[in-house]
Amino acid sequence: MRCDSKTPDRIQELRWSAILTPFLVSRAIVFALMLLGSFVSVSSPDDLRAAGVSDDIRALKIRRIPLYAALSHLALSADADRYHQIAVEGYRNPSDRAFFPGFPLTWRVTAMLSLEYSVTGILISNACYLAALWVLYLLCLEIGCTSSTAERAVFYACFYPVSHFFSLPFTESLFFLLSIATIYLAVSEKWALAGIVGIGGTATRLVGLMLIPTLAMIWWQHRRRLSPSIVFTAVPVLGFAGFCAYLYAAYGDALGFLHAQSAYGHSMQLGMALLHYVRRPQYFTPWHFYPLHFASMIIAGIAISALIWRRNIPLAVYLMGCVAVPLSVDLASMTRYVMGSFPLFIGIAYLTENQRTDWCVRAISISLLAVMSLAYGFHFGLAMT
């Protein structure tokens, strides 16, 4: 697994400004625009009820919304509200079983210390996101990238058009961190730690199962022979198995996460979802803008090609699997699945070594991120799934 012909010294090449600057600038843009949308659009009691604002304060919302209320409103919107409900009440609602427990459990444990959920959820996601960017940078250097390639990968991860999800109480940031850390530890040949961290990945998202074949491929590249340590590549399955065991013990349905998909209008299509879309394309639904999801798949395909071209086959397989698994159900939320698959940003970084290309991609990414962040603040469905 190599990016460039020259392998830099990781300690000397690590530049914290290359991580902190894009993180802080992108998050400032994201929160400024999301809050702007909240201040302008949130005015009715129904809109603010989820934020826990009292009746006395609610009457003042048209003129002025306290920052905490606006942040709470953002933090408990769309799927984030589902994660909050699971964190507070568990899987009492059968439809909630579609969501894996990694993030709700982390949220619940942290909130027990902070005694608050909304802002705590935002802080968890941003802390995981920042840590993930650091590990992404280290991973790029570990697999042979130059510092400029690593910096571009981090920048694109910060300014990806829907990266506002990384800063909200969704599962993206936690999974992003766990998946990158698992692969980084494997590349560093710390197999026991890679397996343990991978357990968290499969307990957080179903696509975390793609870590297992990816670890096996990395292990084979390093060892080229069978040995007992290969068992560590399969350890991550314990997170997934644990969730299945819980669903069976509590509700008698080990595959409850699949059966719950019907509550959201999804069904198993055995990889035919893309073909169905091409035959009868959809555009807008209340919660999805399908051309955006389709475009995300195209971008993922380009990144996969770049990874294969650079002979980074394990990461190409991982990104391919992270697209194929949700595609077996529907194109819905494909943009988030693609964004949460970290090899995407390494693949894009391969293709932007030309400075003009890099700046064009940056300009497009920043512009679209601004649009999507503002749309989320106004609660437009296309920016919320």
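The values are calculated or read from the model by the stated rules, or taken from the named source; none is laboratory data. Nothing here was measured: the structure is a model prediction, and the numbers come from that model. Here the Cβ is made from the backbone with ideal geometry for all residues, glycine too, and neighbour counts use every protein chain on show. Surface accessibility is based on the protein's heavy atoms, side chains included, excluding ligands, DNA and RNA. Shrake-Rupley method; radii C 1.70, N 1.55, O 1.52, S 1.80 Å.
Observations on the model:
- Counting only helices (runs of 4 or more DSSP H) that fall entirely inside the stretch 168-247 and contain at least 3 residues that are among the hydrophobic types (A, V, I, L, M, F, W, C) and under 16 Å from the mean Cα position of the chain (by Cα), the qualifying elements are 172-187.
- Residues that are in contact (Cβ under 8 Å) with a residue 60 or more places away in the chain and either in contact with a Leu (Cβ under 8 Å, 6 or more places away or on another chain) or under 18 Å from Ala132 (Cβ atoms) (or both), drawn from the stretch 345-371: Phe345, Ile346, Ile348, Ala349, Tyr350, Ser365, Leu369, Ala370
- Filter pass, Leu133 being modelled with pLDDT of 90 or more and open to solvent by 10 Å² or more (accessible area, probe 1.4 Å): no
- Across the stretch 238-248, a minimum of one residue is classified as within 30 Å of Leu74 (Cβ to Cβ) and crowded, with 24+ Cβ neighbours inside 10 Å.
- Matching entry among Ser328, Ser333 (being over 28 Å from Arg152 (Cα atoms), modelled with pLDDT under 95 and either surrounded by fewer than 18 Cβ atoms within 10 Å (Cβ to Cβ) or of a type in the set (Ser, Thr, Tyr) (or both)): Ser328
- Residue in the stretch 71-99 that is most open to solvent (accessible area, probe 1.4 Å), counting only those that are among the hydrophobic types (A, V, I, L, M, F, W, C) and assigned to a helix (DSSP H, G or I): Val88
- Reported count of residues in the stretch 338-365, each being open to solvent by 20 Å² or more (accessible area, probe 1.4 Å) and under 18 Å from the mean Cα position of the chain (by Cα), is 1.
- Enumeration of residues in the stretch 203-259 that are among the hydrophobic types (A, V, I, L, M, F, W, C) and farther than 30 Å from Arg92 by Cα: Ile212, Leu215, Ala216, Met217, Ile218, Trp219, Trp220, Leu226, Ile230, Val231, Phe232, Ala234
- When residues of the stretch 139-159 are limited to those that are under 14 Å from Leu351 (Cα atoms) and more than 16 Å from the chain's Cα centre (by Cα), the one surrounded by the fewest Cβ atoms within 10 Å (Cβ to Cβ): Ser148
- Which listed residue is at pLDDT below 50 and buried (at least 22 other Cβ atoms within 10 Å of the Cβ), from Ala59, Ala51: Ala51
- Cys145 vs. criteria in contact (Cβ under 8 Å) with a residue 40 or more places away in the chain and either in a helix (DSSP H, G or I) or out of contact with any Cys (no Cβ under 7 Å at 6 or more places or on another chain) (or both): no
- Pairs are defined by a Cβ separation below 9 Å, a sequence spacing of at least 6 or placement on different chains, a first member in the stretch 221-238 that is free of Cβ contacts under 8 Å to residues at least 60 places away in the same chain and under 14 Å from Glu189 (Cα atoms), and a second member that is open to solvent by less than 60 Å² (accessible area, probe 1.4 Å) and among the hydroxyl-bearing types (Ser, Thr, Tyr); the pairs so defined are Arg223/Ser229; Thr233/Thr214.
- Ala75 vs. criteria modelled with pLDDT under 95 and of a type in the set (A, V, I, L, M, F, W, C): yes
- Close pairs from the stretch 304-328: first among the small types (Gly, Ala, Ser), partner assigned to a loop (DSSP other than H, G, I, E, B), Cβ under 8 Å, at least 6 apart: Ala306/Leu351; Ala324/Gly271; Ser328/Met268; Ser328/Gln269; Ser328/Leu270; Ser328/Gly271
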